[in-house]
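Colleague: Have a look at this one.
The values are calculated or read from the model by the stated rules, or taken from the named source; none is laboratory data. Just so it is clear, the structure is predicted and the values come from calculations on it, not from any experiment. Here the Cβ positions follow ideal geometry from the backbone for every residue, glycine too, while neighbour counts run over all protein chains shown.
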Amino acid sequence: MIPPVLPLDDEDLALLCKALAHPARVAIARSLAATACRCGEIVEALPLAQSTVSQHLKVMREAGLVAGTVEGPRTCYGLDRAALARLADALSAIAQDGCCGAVPALVEQPADT
């Protein structure tokens, strides 16, 4: 029997959100969503230096969004889809929380010219 997935506590949710809180990490996540790949392949696909990609992968790996498997001298990275699903569930629960009533979305109105 597979154990149930526990909901994220606030600290874990914040960690996952922080791991995606940079445009480069979002771009890396999108790249890894298509296929697992090596750091060098991500560097080729994005306008980022190898050291920058490595640092972002480290943040994502420490948060549990990315996992790596060693293939000889290189590491192949892939998204942890279970972690992404937990993040999506937690954000959905916040969006649907009815404890305080619905708050209308703030929409910026164009200025009259």
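Colleague: Can you tell me which condition Ala21 does not meet? The list is (1) surrounded by 12 or more Cβ atoms within 10 Å (Cβ to Cβ); (2) closer than 30 Å to Pro7 by Cβ; (3) among the aliphatic types (A, V, I, L, M), and all the others hold.
Modeller: Answer for Ala21: the failing condition is (1).
Colleague: Select, from Ala34, Ala45, the only residue that is free of Cβ contacts under 8 Å to residues at least 12 places away in the same chain and out of contact with any Gly (no Cβ under 9 Å at 6 or more places or on another chain).
Modeller: Numbers: Ala45 fails: free of Cβ contacts under 8 Å to residues at least 12 places away in the same chain.
That would be Ala34, the only listed residue that is free of Cβ contacts under 8 Å to residues at least 12 places away in the same chain and out of contact with any Gly (no Cβ under 9 Å at 6 or more places or on another chain).
Colleague: Name the residues in the stretch 60-89 that are in a strand (DSSP E or B) and surrounded by 11 or more Cβ atoms within 10 Å (Cβ to Cβ), would you? Spell out how you get there, then give the answer.
Modeller: Step one: list which residues in the stretch 60-89 are in a strand (DSSP E or B), which gives 66-71, 74-79.
Across the stretch 60-89, the qualifying residues are Val66, Ala67, Gly68, Arg74, Thr75, Cys76, Tyr77, Gly78, Leu79.
Colleague: Hey, Leu48 hits all of (1) of a type outside the set (Phe, Trp, Tyr); (2) modelled with pLDDT of 90 or more; (3) under 29 Å from Glu11 (Cα atoms); (4) buried (at least 16 other Cβ atoms within 10 Å of the Cβ) but one; which does it fall short on?
Modeller: Against the list (1) of a type outside the set (Phe, Trp, Tyr); (2) modelled with pLDDT of 90 or more; (3) under 29 Å from Glu11 (Cα atoms); (4) buried (at least 16 other Cβ atoms within 10 Å of the Cβ), Leu48 comes up short only on (3).
Colleague: What's the number of the only condition in (1) within 16 Å of the chain's Cα centre (by Cα); (2) surrounded by 16 or more Cβ atoms within 10 Å (Cβ to Cβ); (3) within 30 Å of Ala95 (Cβ to Cβ) that Ile42 fails to meet?
Modeller: All conditions are met except number (3).
Colleague: Within the stretch 98-111, can one find any residue that is modelled with pLDDT of 90 or more, not β-branched (Val, Ile, Thr) and not in a strand (DSSP E or B)?
Modeller: Residues of the stretch 98-111 that are modelled with pLDDT of 90 or more, as a first pass: none.
No: zero hits.
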